[in-house]
Structures are given as C-alpha cells and as structure tokens.
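Engineer: Mind having a look at this structure? Questions to follow.
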Amino acid sequence: MTKADLVEKVAAQVNLTKKDTEVVIDTIFDSISRALALKNDAKVELRGFGSFRVRRRRARQGRNPQTGNPVQVPAKRVPYFKPGKELKALVDS
C-alpha cells in the first residue's frame, strides 16, 4: 500500500477530500518523525498498532565489499518499529 492508497481509503471512510486527508496524514507522519528526531529518545505508541522508537547502534569495524579493506562505521541512531499484539495477531492469522 502506498501513501496515495492510504489517502484514498481514509478519505472514503471519513468523507473528507483527498487533499484534506493528505494534510492530516502528512501531519501524523511529520509528528511521529519529529518526536523520534528529538535527542531525548522519545517513544511514539499507537495502542493496538505498535510503537516507534529510536535504537542506538554502536560504532563498529566494517569491510568495504569491493576491496575488503576495513572501514570504521560510526555510531548512529536508527528508527525501530515494534508491532503491537493486535497487529501481530492480525498478520499471523
């Protein structure tokens, strides 16, 4: 499902125009992104769906696949999604 598909389904369900629905969906995604971008390790939890958080990855020694030379990979923060019980059950069935 693409973002356009999501906008179309939500617009049909709530009787809004596609343009208004797209603004709502963009605002939701932007709010989640901004919360995760904060340095205080915020967590965004959507009950029944799942939670978004940021995980820290330590610096490590990697390899360049073309040359085989060692490369230092710096520490970084990556987004992580953990599905909720209801979503897991729905996908599993």
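Engineer: Please indicate, with yes or no, whether at least one residue in the range 66-74 is surrounded by 11 or more Cβ atoms within 10 Å (Cβ to Cβ) and modelled with pLDDT of 95 or more.
Structural biologist: yes
Engineer: Residues that are of a type in the set (A, V, I, L, M, F, W, C): find the strands (runs of 3 or more DSSP E) completely inside the chain holding 3 or more of those.
Structural biologist: Fully inside the chain and qualifying: nothing.
Engineer: Would a scan of the range 11-31 turn up a residue that is in contact with a strand residue (DSSP E or B) (Cβ under 7 Å, 6 or more places away or on another chain) and either at pLDDT below 95 or basic (K, R) (or both)?
Structural biologist: The answer is no; no qualifying residue exists.
Engineer: Can you spot a residue in the range 1-17 that is surrounded by fewer than 13 Cβ atoms within 10 Å (Cβ to Cβ), in contact with an Asp or Glu (Cβ under 7 Å, 6 or more places away or on another chain) and farther than 18 Å from P79 by Cβ?
Structural biologist: Taking the range 1-17 as the starting set, the residues that turn out to be surrounded by fewer than 13 Cβ atoms within 10 Å (Cβ to Cβ) are 1-5, 9, 12-15, 17.
In the following step, the residues that additionally are in contact with an Asp or Glu (Cβ under 7 Å, 6 or more places away or on another chain) were identified as none.
Checking the range 1-17: not a single residue is surrounded by fewer than 13 Cβ atoms within 10 Å (Cβ to Cβ), in contact with an Asp or Glu (Cβ under 7 Å, 6 or more places away or on another chain) and farther than 18 Å from P79 by Cβ.
Engineer: Suppose we keep only residues that are more than 22 Å from E86 (Cβ to Cβ) and of a type in the set (A, V, I, L, M) within the range 37-51. Which one would you say is surrounded by the most Cβ atoms within 10 Å (Cβ to Cβ)?
Structural biologist: So, considering only residues that are more than 22 Å from E86 (Cβ to Cβ) and of a type in the set (A, V, I, L, M), the one surrounded by the most Cβ atoms within 10 Å (Cβ to Cβ) is A42.
The values are calculated or read from the model by the stated rules, or taken from the named source; none is laboratory data. In this text the structure is predicted, and so the values were computed from the model without any measurement. Reconstructed Cβ throughout: ideal geometry from the backbone, glycine too, with neighbour counts over all protein chains shown.
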